[in-house]
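Just below is one structure, and these are the notes that go with it.
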Amino acid sequence: MSTFRIVGLVVIVCLGLVAVAAYALLASYIYLAPSLPTVDAMRSGSVPVPLRIFTRSGELIAQIGEKRRVPVAYDDVPVLVREAFVAAEDQRFFTHHGFDYSGVLRAAVVDLTSGDFTQGASTITMQAARNMFLSFDKTIRRKLQEIFLTYRMEHEFSKEQILITYLNVIFLGQRSYGVAAAAETYFGKPLDQLSVAEAATLAGIPQAPSRFNPITNPKAAQVRRHYVLTQMQKLNYIDASTAQRAAQEPVEARDHGIQYDVEAPYVAEMARAEIVSRYGDDAVNQGYRVYTTIDGRLQTAANRAVRIGLIEYDRRHGYRGPLKQLTLDEHSAPSKLDAALSVVPEIGDLHPALVVSVAPTAARVYIRSMGFAQIEWEGLSWAHKRISDTRVGAPPKHADDVVQRGDVVYVVTNGRGEAALAQLPEAQGALVALDPNDGAVAALVGGFDYFDNKFNRVTQARRQPGSGFKPFLYSAALENGFTPSTVVMDAPIVYDDSGQEKIWRPENNEKSFSGPTRLREALVHSRNLVTVRVVRQLGIETAIDYASKFGFKPDDMPKDMTIALGSLPATPLQMVTAYAVFANGGYRVDSNFIDRIDDASGRIVFQNTPRLVCESCDAPMAGADSAAAPGDSSSAPGAAAGAGVAGATVGARSTAGAGAGAGVGDLDHAPPNPLPSLIAANRVAERVISPQNVWILDDMMADVITRGTGVRAGMALHRKDISGKTGTTNEARDTWFNGFNRNIVVTVWVGFDLERPLGEGEEGSRTAVPIWVNFMREALRGQPDRPRPMPSGLVSLRISPKTGALAGANDADAINEIFMEDHLPPAANTGNSPPGTGTQNVPGSGEPLF
């Protein structure tokens, strides 16, 4: 056979093979085309993006989802980072058309000669197609799909679009997808703060994420980084000196976790539950952004206040001893000490530490991941040995009475080498702060530490409010003929028809009796027996009907006289919402914590429009149109709604601009009320009690602060515009403080999850008030006093402090009291018997009060 014929035969065979291959490729495309995403689908395609939750002003609270991902735009990725990935993964990316044939040959040669088999042949486009639209199955079908998608992407998208897709979807280890998430994970930095060495480290990971992980395998990551830097230099992305300096830097990556700006995990879980309720279980991976009504500054203050308050309570009840004992000491390597302490979780602001030496009045400790610190006597002397729930031992005299070398303990530290002994509190607490003008939650803490105990006591703990319920009953009394000067007997009383199985003998907390007592004094000093007699005079049904105006459910309230002592179940969120009526001048608002929800594209899919307090709307909008039921709010089911309506300013807080409104701390800088015409009738909060009733109750609860059970708050804050009421149930199982001014209302609860007494001497004024005070110091910082102006319809009269009747002209002991114009005190010497000798009746009532 001639050479010509042989060559011809070879050509024919090759052409046949090419034809067969082309036919096979065409057939494969026709077969696989239905399984490939269309161009439109590719353009609108989305990757799983975690749910992100923010404060009102845009500070990150949490990121929730299966994958850590922070999508970024092309221009938001620094040139240095883009160049590092191109140098590492696809040096001819901007010149090839999706398939780098020379790269395939190069990779094959390097792998065969080195035996390393780490050189990849996939281009950035191929990796983007695979990560964005395909599975990772190692099959011929999947590889063909990848080829067809690569071709389609190269012809339908720009190189910049392909590169940013790749940079957003590539897996970089530690559950991180995309360069922005990886920068936060490994270095705790945004992309624009990465050094050359850090950018090269990240760019080296995609080749083998587990092998080149800079946390688990820093040596391999360093070798890979050196390769990336060399390629960057060859491509003239960096010069030789820059590459050399970067190569000499140590690999200092560690898992930084999700970097949040504000710690509010209980709020984050509430938002997650609401998103799932609205949009389904998959919504946490669909890129929703939830803007809450939380004020970041106040949330931080709330976290600190609750933790300090619970730690202080726990200290009063003794030291329970070390967590465990170890044999390590200060001569052990820090890595060994960290490893030994790693089994002890960090909870709240409590850090695990090892006692390495003990002096007569001090101890030296090693704090996990923080180094050595000194505990002076002030940080140890509190630790009386705990004997039982109600007893502690004698005060310690020396440090070794408290701790021993090798003890594993919790400490609190200032981060400057100083620490104090601590322990995880057994009691729990909750704090919730509302803007009373629209019900927006400004701060919420559901317990000492969410990650230790996820039970949200603000929304889930239904506990008895005790005396904190009295103001609602006293408001009912004022509406039904009582006055602040009405005298009621504070004396023993026995009931055998209270619905109890046995005779009920209510008592005052102090086990003492004051005899004839004016209503104001009864509230100021929280006299239980006076309240019982007031409720008996009102009637239980009247009390229940009136309390429901504040949002309490009639079915939750007991149908017996124990209602006088606050025996109904109520959550802190219910209490703070009810007290908002007193704070805002008499309007019912609905608590809400979500301002708006954006989808992954940035489109607003929910904008809350809560009911708003508008005093100037009262007269022109009175009637059915302006008194729609509070339950008809457009807020989400449950407690999931937000504050804010674009362009409206109501009460004292501007809500203009969703997600960027002023926080509660800025209330005094907001414009005045708008004209009623700016607010739809169904947006105006319903007035449920008169301004005269509100003013008197506010004034009476201001006396609670200045000289009653809340006096610690008055002494600490030195303000004239705060009011409130403590609450303590039987045996101090639940302790409360509900306090407010015109701008903010705050409820604090302290107790045990498994109900038991908090201990002798523990009551709302000692447990809850300090937490409230610590929070309000920050909430009211920089705000001037704003006492509530007295409305029309009230008069000031001089009365006898003993009888509550109008004082005579020569009564030297007379005091001033405020009355509603239609509920005035009796005149002096009208024939009414002095309290204790006959009956002083409430106007319009025939039943004796004692």
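Considering only region 761-792, state which residues are of a type in the set (A, V, I, L, M, F, W, C) and either in contact with a His (Cβ under 8 Å, 6 or more places away or on another chain) or open to solvent by less than 70 Å² (accessible area, probe 1.4 Å) (or both). Passing the criteria: ALA768, VAL769, ILE771, TRP772, VAL773, PHE775, MET776, ALA779, LEU780.
Within region 214-227, restricting attention to residues that are farther than 17 Å from GLN244 by Cα and in contact with a helix residue (DSSP H, G or I) (Cβ under 9 Å, 6 or more places away or on another chain), the residue that is most open to solvent (accessible area, probe 1.4 Å) is ILE215. Taking first residues from region 720-735 that are within 19 Å of VAL458 (Cβ to Cβ) and partners that are open to solvent by 10 Å² or more (accessible area, probe 1.4 Å) and in a helix (DSSP H, G or I), the Cβ contacts under 6 Å between residues at least 6 apart in sequence or on separate chains come to THR726/SER765. Quick check, is VAL694 under 22 Å from ILE311 (Cα atoms) and touching a residue at least 12 places away in the same chain (Cβ under 8 Å)? No.
Which one is surrounded by the fewest Cβ atoms within 10 Å (Cβ to Cβ) among residues in region 555-575 that are more than 20 Å from the chain's Cα centre (by Cα) and not in a loop (DSSP other than H, G, I, E, B)? Looking at the filtered set, the residue picked out is ASP555. Can you name every residue in region 502-537 that is out of contact with any Pro (no Cβ under 7 Å at 6 or more places or on another chain), within 24 Å of GLU760 (Cβ to Cβ), open to solvent by less than 30 Å² (accessible area, probe 1.4 Å) and not small (Gly, Ala, Ser)? Within region 502-537, PRO506, ASN508, VAL524, ARG527, THR531 meet the criteria. Among the residues making up region 208-219, those that are out of contact with any Pro (no Cβ under 9 Å at 6 or more places or on another chain) and either assigned to a loop (DSSP other than H, G, I, E, B) or closer than 24 Å to ARG82 by Cβ (or both) are ALA208, PRO209, SER210, ARG211, ASN213, PRO214, ILE215, THR216, ASN217. Checking each residue in region 516-552 for being part of a loop (DSSP other than H, G, I, E, B) and more than 22 Å from PHE819 (Cα to Cα) picks out GLY539, GLY551, PHE552. Residue pairs whose Cβ atoms lie under 8 Å apart, separated by 6 or more positions or on different chains, with the first residue in region 753-777 and more than 26 Å from ILE387 (Cβ to Cβ) and the second aromatic (Phe, Trp, Tyr) and surrounded by fewer than 21 Cβ atoms within 10 Å (Cβ to Cβ), do not occur. Looking at the structure I just gave you, is SER800 among the small types (Gly, Ala, Ser), under 23 Å from PRO691 (Cβ atoms) and in contact with an Asp or Glu (Cβ under 8 Å, 6 or more places away or on another chain)? No: the conditions fail for SER800.
When region 793-821 is filtered for residues that are free of Cβ contacts under 8 Å to residues at least 24 places away in the same chain and open to solvent by 30 Å² or more (accessible area, probe 1.4 Å), the ones remaining, listed by number, are SER796, ARG798, LEU806, GLY808, ALA809, ASN810, ASP811, ALA812, ASP813, ILE815, ASN816. I'd like to know if region 442-452 contains one or more residues that are in contact (Cβ under 8 Å) with a residue 12 or more places away in the chain, in contact with a strand residue (DSSP E or B) (Cβ under 8 Å, 6 or more places away or on another chain), open to solvent by 10 Å² or more (accessible area, probe 1.4 Å) and assigned to a strand (DSSP E or B). Looking for residues that are in contact (Cβ under 8 Å) with a residue 12 or more places away in the chain, in contact with a strand residue (DSSP E or B) (Cβ under 8 Å, 6 or more places away or on another chain), open to solvent by 10 Å² or more (accessible area, probe 1.4 Å) and assigned to a strand (DSSP E or B), one finds none in region 442-452, hence no. Assessment of region 752-760 against the conditions (of a type in the set (Phe, Trp, Tyr) and crowded, with 24+ Cβ neighbours inside 10 Å) yields no matching residue. Only a single criterion out of (1) open to solvent by 60 Å² or more (accessible area, probe 1.4 Å); (2) at pLDDT 90 or above is not satisfied by VAL86, namely (1).
As for region 196-213, it holds no residue that is of a type in the set (A, V, I, L, M, F, W, C), under 36 Å from the mean Cα position of the chain (by Cα), open to solvent by 10 Å² or more (accessible area, probe 1.4 Å) and over 13 Å from ARG69 (Cα atoms).
When VAL262, VAL276 are checked against the criterion of being crowded, with 22+ Cβ neighbours inside 10 Å and either closer than 30 Å to VAL445 by Cβ or at pLDDT below 95 (or both), VAL262 stands alone in meeting it. When each of VAL223, VAL228 is tested for being over 40 Å from the mean Cα position of the chain (by Cα), over 30 Å from PHE606 (Cα atoms), outside any loop (DSSP other than H, G, I, E, B) and without any contact (Cβ under 8 Å) to a residue 24 or more places away in the chain, the lone residue that passes is VAL223. The residues in region 228-259 that are in contact with a Phe, Trp or Tyr (Cβ under 9 Å, 6 or more places away or on another chain) and either at positive phi or open to solvent by 70 Å² or more (accessible area, probe 1.4 Å) (or both) can be counted, and the count is 3.
Selection over region 233-278 of residues that are touching a helix residue (DSSP H, G or I) at 6+ places or on another chain (Cβ under 8 Å), under 30 Å from ASP449 (Cβ atoms) and outside any loop (DSSP other than H, G, I, E, B) gives a count of 6. Of the residues making up region 576-599, those that are part of a loop (DSSP other than H, G, I, E, B) and among the hydrophobic types (A, V, I, L, M, F, W, C) are VAL589, PHE593.
Return the residue satisfying two criteria in turn: it lies in region 49-83 and is of a type in the set (Val, Ile, Thr) and touching a strand residue (DSSP E or B) at 6+ places or on another chain (Cβ under 7 Å), and of such residues it is surrounded by the fewest Cβ atoms within 10 Å (Cβ to Cβ).
For region 49-83, the residue satisfying everything is ILE64.
When region 709-751 is filtered for residues that are buried (at least 19 other Cβ atoms within 10 Å of the Cβ) and farther than 30 Å from ASP438 by Cβ, the ones remaining, listed by number, are THR728, THR729, ALA732. Check region 426-439 and report whether any residue there is over 13 Å from the mean Cα position of the chain (by Cα), β-branched (Val, Ile, Thr) and within 30 Å of ARG520 (Cβ to Cβ). No, region 426-439 contains no residue that is over 13 Å from the mean Cα position of the chain (by Cα), β-branched (Val, Ile, Thr) and within 30 Å of ARG520 (Cβ to Cβ).
The values are calculated or read from the model by the stated rules, or taken from the named source; none is laboratory data. Quantities reported herein were computed from a predicted structural model and do not represent experimental measurements. For neighbour counting, all protein chains shown are included, and Cβ atoms are generated from backbone atoms with ideal geometry for every residue, glycine included. When the accessible area is computed, the model is the full protein with side chains, heavy atoms only, and any ligands, DNA or RNA have been set aside. Shrake-Rupley method; radii C 1.70, N 1.55, O 1.52, S 1.80 Å.
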